[in-house]
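Trainee: My questions all concern the structure below.
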Amino acid sequence: MKTGFVLHKADGNNCVFMPSRKGLYFSDVKNDIAHVMINTLNSIKNKYTVKEYANAHRVHSIQDIIGRPATKDYIEYIEKGLIPNCPIEKRDILIAEDILGPNLGSLK
């Protein structure tokens, strides 16, 4: 019999994680209302077209090339036309943030 582990949370609650048959640990949340569900990339990605998803990767790529500015600064550069011949718009940046999250390089 495989044993699981207990996660002791700061609020005093415990979460028990047991291994599945394939070895992945999980917590049964059927009767527990204390868990928070998160959006997966697929559920977020399905809100957008294929072109918008491809543009999201281009947005991050350009952000890396220009030195990884913060999102607010990046939007400002686009709105003021400070990046010559740039094919993206503010909306593309906001969609990229929703799909891929913030650019990790700009967070550091």
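Trainee: What does the extension gain come out to for Lys80 and Ile65, with contour length at 0.36 nm per residue minus their alpha carbon separation?
Mentor: 3.6 nm
Trainee: Here are some values of semi-axes √(5λ) of the Cα gyration tensor in Å: (1) 40, 16, 13; (2) 22, 15, 11; (3) 20, 19, 12. Which one was computed from this structure?
Mentor: Computed from these coordinates, semi-axes √(5λ) of the Cα gyration tensor in Å corresponds to label (1).
Trainee: Choose one answer from Leu24, Leu94, Leu82: the residue with the largest mean-square fluctuation in a GNM of the chain with alpha-carbon springs under 10 Å.
Mentor: Leu24
Trainee: Can you tell which of Asp73, Asp92, Asp11 shows the greatest fluctuation in a Gaussian network model of the chain with Cα springs below 10 Å?
Mentor: Its mean-square fluctuation being the largest, the pick is Asp11.
Trainee: A follow-up question, please. Roughly how many debye, to the nearest 20, is the charge dipole of segment 41-107 about its Cα centre, given +1 on each Lys and Arg Cβ, -1 on each Asp and Glu Cβ, and no other charges?
Mentor: The calculated dipole for segment 41-107 is roughly 140 debye.
Trainee: Among Asn13, Asn46, Asn55, determine the one that fluctuates most according to a GNM of the chain built with springs between C-alpha atoms less than 10 Å apart.
Mentor: Maximum fluctuation in the GNM of the chain, among the listed residues, is at Asn13.
Trainee: Output wanted: per-residue J couplings in Hz (rounded whole) for segment 83-96, from phi through Karplus 6.51 cos²θ - 1.76 cosθ + 1.60, θ = phi - 60°, x for Gly and Pro.
Mentor: Going residue by residue, I get 10, x, 6, 7, x, 10, 10, 4, 4, 4, 5, 5, 5, 4 Hz, with x marking Gly and Pro.
Trainee: If you don't mind, another one. How do Thr49, Thr3 line up, fewest other C-beta atoms within 10 Å first?
Mentor: In increasing order of surrounding Cβ atoms, one gets Thr3, Thr49.
Trainee: Taking the alpha-carbon distance from Lys90 and a cut-off under 18 Å, which aspartates and glutamates remain once sequence neighbours fewer than 8 residues away in the same chain are dropped?
Mentor: Within the straight-line cut-off, Lys90 pairs with Glu52, Asp64, Asp73, Glu76, Glu79, Asp98.
Read the figures in this text as sums done on the coordinates, not as results from a lab. Owing to the predicted nature of the structure, the values given are computational and were not obtained by experimental measurement. Because the Cβ atoms are built from the backbone with ideal geometry, glycine has one as well, and the counts that use them run over all protein chains shown.
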